[in-house]
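Everything on this sheet refers to the single structure shown next.
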Amino acid sequence: MLIPQYLFDAEAFLAFRIIEEKFHVISKSRISLLKLQLLHERALHRGHLKVAQQACDELGALASPVTGVDADLKTEVSLRHARTLLAANQFSQKSGNAALGLPYALASILFCQSFNLDLLKASATLTLAELWLSHGPSEAERALALLHGVFPMILGHGGLELCARAHITEAKCHLSDPSYSVHHKPDLVLSPLKEACEQLELLEYHELAAEAFYLMAMVYDKLGNLEEREKAAASFKEHTLALRNPQESVDDILNMI
């Protein structure tokens with residue numbers, strides 16, 4: 001049985017505090033690294049983008065300025081910057097932030113290629129596909145090609161969130177493609193969206209779940225399936241309300257570190 005994401009995070013932060021108190025031999029920098037990684041994920045899940053960016057900046061400060069040292073951490077920081085900028089572009093009314101994320105995603109991919117970090121490279125490529133897709137329908141084909149190149153790695157070795165993001169991006173690529181008709185091939189978008197919804201509900205990741213159910217409701221509406229549309233719309237509303245009424249504030253998150 002999967003533990004809900006917010007409970008897991010709370011337990012994890014508590015565990016870090018116990019480790020710090022009981023086991024002084026463990027490097028404080030290592031504990032700080034783990035806590036900042038968890039903080040970034042938690043902040044993104046809650047939509048606290050300023051906190052997420054702060055966590056990225058502090059993670060970057062932990063890496064050595066020497067070229068070739070801490071390459072995996074530098075790669076991770078680049079990817080987290082890209083994800084934060086993408087989230088800012090998606091959940092604000094301003095445009096243009098996604099373009100700023102492209103260099104981070106590309107840098108992450110180059111780092112991963114240099115050090116054979118296959119799963120992280122796949123994650124960075126997914127972020128790059130999301131960034132390209134955010135530029136509009138003209139980039140849907142490019143984004144889908146990038147995504148299909150890393151699908152085996154993501155689905156075979158990635159976690160639930162990574163898989164769900166890939167499924168949503170695949171559906172959005174098809175829906176953005178002017179040549180695609182939902183009436184002719186509805187399963188091309190419904191199948192990945194259903195997979196994503198199941199994965200995100202297990203994680204209680206309300207932002208992405210709301211997006212997935214919104215897309216599903218839109219597809220069912222085009223198909224004239226009103227019953228399924230209303231079910232998806234109700235789930236969208238449920239996750240949207242959960243997002244508007246988070247169980248914790250920004251201060252609660254920051255107090256955990």
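Worth pointing out:
- Segment 150-202 shape via C-alpha gyration tensor axes, a/c threshold 1.5: prolate
- Pairwise FRET efficiency - Ala99 versus Leu223, Cβ, R0 = 45 Å, nearest 0.05: 0.85
- Gain on full stretching of the segment that runs from Ser191 to Leu241 - 0.36 nm per residue minus C-alpha separation: 15.5 nm
- Among Val69, Val182, Val150, the order by Cβ neighbours within 10 angstrom, fewest to most, reads Val69, Val182, Val150.
- FRET efficiency for Ser138 and Ala234, using Cβ-Cβ distance with R0 set to 45 Å, rounded to 0.05: 0.85
- Rg ratio (alpha-carbon, reference 2.2 N^0.38 Å) - segment 121-257: 1.10
- Of Lys172/Lys194; Lys35/Lys237; Lys194/Lys237, pairs whose Cα-Cα distance is over 20 Å: Lys35/Lys237
- Paramagnetic label zone (point 7 Å from Cα along Cα-to-C-beta, Ser179; backbone N under 18 Å) in segment 123-152: 133, 136-149
FYI, it's all coordinate maths here, none of it is from the lab. Quick caveat: nothing in here was measured; it's all calculated off a predicted structure. All Cβ positions, even for glycine, are placed from backbone atoms using ideal geometry, and neighbour counts span all protein chains on display.
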